[in-house]
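Take a look at the structure below.
The values are calculated or read from the model by the stated rules, or taken from the named source; none is laboratory data. Worth saying up front: this structure is predicted, and the values here are computed from it rather than measured. When we count neighbours, we look across all protein chains shown, and the Cβ atoms used for this are built from the backbone with ideal geometry, even at glycine.
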Amino acid sequence: MNYNSYYDRLVSLYDEYGEFDRSKIPLCAAENYVSPFVKQGLISKYEGKYISGYINRDREKDFIGSDYLEKILLLANDMAADLFGAKYNDFRSLTGMNTVALILMTLIDKETKILITDPQSGGHGSLPKLCTNLGVRYESIPYNYSLMQIDYDKLNYILAHDDTISFLFFCQSDVIQPPELKLIKLPPHVGIIYDATQTLGLIAGKVLPNPLSVYDNTIIIGGTHKTFPSVTCGYVATNNDGYIQKVNQNISPNFLRNVQINNITSVCLTMLEMLKFGNDYASKTVCIANALGAALNEYDIPVKHTTDSSFSHTHQLFIEHPLDKVDFTYAQFRNYGITLNKRKTNYLTGFRVGVQEIARYGFDKHIPELARLLYLILRSPAKKSEIMSIKAQLAQLKTDQYVIDTLFMELE
């Protein structure tokens with residue numbers, strides 16, 4: 001194959017995906033819309049430029065021109081301090097899971113053990129694998145499946161009787177009810193690593209409690225591309241001086257060298273969006289999740305509840321479905337271009353729905369139609385004509401409702 005053939009192939013692949021993206025109904029809890037305002041950073045002059053270190057970096061050993069990049073890191077710190085209340089904010093890690101690995105390598109003493117949220121209670125599937133590969137000993141945080149929440153009585157008992165535990169690591173991919181840290185009786189020698197990848201935008205928007213406000217020995221980590229509607233980047237935030245000292249040097253230059261300043265610039269642009277209308281966006285996200293749960297219940301579609309009888313405190317909904325029908329129904333969702341996730345775990349047999357992307361659009365006025373669409377695919381997938389009609393109507397709504405129009409970074 002020659003240049004023209006590969007070029008045509010790439011154009012065709014992009015066109016094919018573009019058609020799928022235009023027509024899909026985006027209900028994947030792990031993805032979000034990124035605005036043109038935010039995408040500016042990716043094509044900025046910062047792309048591919050190097051800086052080593054962050055706080056107290058050695059300028060004499062750093063790249064010429066890195067002083068200009070440092071200003072972006074410091075700007076990101078100031079903006080994140082306003083949003084998250086942390087004095088140390090670090091976006092140099094590359095993704096959420098990259099951040100998990102870096103924090104495990106940086107903070108965990110291998111002579112101790114940690115307690116983690118395991119996959120059977122909604123924890124990220126990669127965390128146990130990373131712990132094993134890095135030689136970190138771990139056990140599961142107790143979970144109450146009927147309440148869809150941490151079993152705080154059992155957890156507090158373990159903490160009171162096992163002095164080998166150094167950290168609690170909350171890393172939940174599936175969460176309708178975030179951990180209530182104030183219910184944990186945390187010994188002074190135990191820290192909390194709180195992966196807020198799924199809920200970072202809801203914390204920034206002040207609709208969920210800030211984990212940093214409960215215990216000083218807490219560190220927030222996460223990715224910036226779910227409820228926080230930005231490009232992919234990792235995030236670390238803490239007010240603990242001991243953690244700051246360890247993390248600052250290890251992330252870069254010890255473990256990473258080419259941190260993506262262009263991505264961090266895009267994160268700064270997202271923080272401008274969140275400072276301007278983050279509370280409204282976050283509030284609408286949780287409101288839509290609960291409105292959709294109620295609308296599905298009217299069709300007798302079972303949806304999991306939280307302990308206060310809400311459908312969700314986050315952007316996610318858990319739809320229950322018979323185990324023997326999950327795979328068939330998931331294939332129908334795939335065929336019709338409805339992006340959600342199937343689950344077969346102790347806490348959910350069925351589907352995980354995320355509404356953070358449709359909250360950027362005008363879907364809040366069309367919840368009955370969306371519920372009807374999901375109902376038809378769950379119960380009557382053969383009604384293709386009605387399904388495609390509703391889907392086409394909803395797909396037309398994908399227009400960003402939270403817009404900053406100023407574009408000042410251009411590709412040259």
* Members of segment 338-362 that are among the basic types (Lys, Arg) and on the phi > 0 side of the Ramachandran plot -> none
* Structure fact -> Of Ile25, Ile103, the only residue that is over 30 Å from Tyr243 (Cβ atoms), crowded, with 16+ Cβ neighbours inside 10 Å and among the aliphatic types (A, V, I, L, M) is Ile25
* The one condition in (1) more than 13 Å from Leu27 (Cβ to Cβ); (2) more than 25 Å from the chain's Cα centre (by Cα) that Tyr402 fails to fulfil -> (2)
* Within segment 50-67, track down each residue that is touching a residue at least 60 places away in the same chain (Cβ under 8 Å) and not β-branched (Val, Ile, Thr). => Tyr50, Ser52, Gly53, Tyr54, Asn56
* Asked: In this structure, does Thr227 turn out to be touching a Pro at 6+ places or on another chain (Cβ under 8 Å), touching a residue at least 60 places away in the same chain (Cβ under 8 Å), within 29 Å of Ile358 (Cα to Cα) and not in a helix (DSSP H, G or I)?
  -> no
* Asked: If the Cβ limit is 8 Å and pairs must be 6+ apart or interchain, which residue in segment 146-174 that is charged (D, E, K, R) and modelled with pLDDT of 95 or more pairs with which residue that is surrounded by 13 or more Cβ atoms within 10 Å (Cβ to Cβ) and assigned to a strand (DSSP E or B)?
  -> Asp151/Tyr143; Asp151/Asn144; Asp174/Gln316; Asp174/Phe318; Asp174/Arg343; Asp174/Arg352
* Asked: Does Ser140 satisfy the condition of being at pLDDT below 95 and more than 24 Å from Ser213 (Cα to Cα)?
  -> no
* To do: Answer yes if at least one residue in segment 27-39 is farther than 21 Å from Thr224 by Cα and either modelled with pLDDT under 95 or of a type in the set (Phe, Trp, Tyr) (or both), and no otherwise.
  => no
* When residues of segment 295-328 are filtered for being under 17 Å from Arg343 (Cα atoms), outside any loop (DSSP other than H, G, I, E, B) and either among the small types (Gly, Ala, Ser) or within 21 Å of the chain's Cα centre (by Cα) (or both), how many remain? -> 4
* Give me the pairs, please: first residue somewhere in segment 249-272 and under 23 Å from Thr227 (Cα atoms), second residue anywhere and among the acidic types (Asp, Glu) and modelled with pLDDT of 90 or more, beta-carbon distance under 7 Å, and either six or more positions apart or on two chains. => Asn262/Glu47
* Asked: Considering only strands (runs of 3 or more DSSP E) fully contained in segment 97-193, which possess at least 2 residues that are of a type outside the set (S, T, N, Q) and within 26 Å of Pro253 (Cα to Cα)?
  -> 165-171
* To do: Output the number of the condition that Lys342 fails; it satisfies all remaining conditions of (1) surrounded by 14 or more Cβ atoms within 10 Å (Cβ to Cβ); (2) touching a residue at least 60 places away in the same chain (Cβ under 8 Å); (3) of a type in the set (Lys, Arg).
  => (2)
* Is segment 373-396 home to any residue that is under 24 Å from the mean Cα position of the chain (by Cα), under 22 Å from Ala294 (Cα atoms) and at pLDDT below 95? -> no
* Asked: Looking at segment 65-95, which of its residues are crowded, with 20+ Cβ neighbours inside 10 Å and either of a type in the set (Lys, Arg) or closer than 19 Å to Ile141 by Cβ (or both)?
  -> Arg92
* What is the residue count in segment 68-96 for residues that are over 20 Å from the mean Cα position of the chain (by Cα), in a helix (DSSP H, G or I) and in contact (Cβ under 8 Å) with a residue 60 or more places away in the chain? -> 4
* **Selection from segment 230-245 of residues that are in contact (Cβ under 8 Å) with a residue 12 or more places away in the chain and either more than 24 Å from Ile184 (Cβ to Cβ) or of a type in the set (A, V, I, L, M) (or both)** => Ser230, Val231, Thr232, Cys233, Gly234, Val236, Ala237, Ile244
* For segment 31-64, which residues satisfy the criterion of being in contact with a strand residue (DSSP E or B) (Cβ under 8 Å, 6 or more places away or on another chain) and either of a type in the set (A, V, I, L, M, F, W, C) or in a loop (DSSP other than H, G, I, E, B) (or both)? -> Glu31, Tyr33, Ile55
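Matching residues to (1) farther than 19 Å from Pro229 by Cβ; (2) surrounded by fewer than 18 Cβ atoms within 10 Å (Cβ to Cβ):
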site: Pro302; (1), (2): yes, yes
site: Phe311; (1), (2): yes, no
site: His315; (1), (2): no, no
site: Glu320; (1), (2): yes, yes
site: Ala331; (1), (2): yes, yes
site: Leu348; (1), (2): yes, no
site: Glu357; (1), (2): no, no
site: Ile367; (1), (2): yes, no
site: Ala371; (1), (2): yes, no
* To do: Mind telling me which of the residues Glu47, Glu31, Glu19 ends up being in contact (Cβ under 8 Å) with a residue 60 or more places away in the chain, closer than 29 Å to Arg352 by Cα and surrounded by fewer than 18 Cβ atoms within 10 Å (Cβ to Cβ)?
  => Glu31
* Asked: What are the residue pairs meeting all of these: first residue in segment 392-409, first residue under 18 Å from Phe277 (Cα atoms), second residue surrounded by fewer than 14 Cβ atoms within 10 Å (Cβ to Cβ) and among the charged types (D, E, K, R), Cβ atoms under 7 Å, and 6 or more apart or on different chains?
  -> Ile404/Lys276
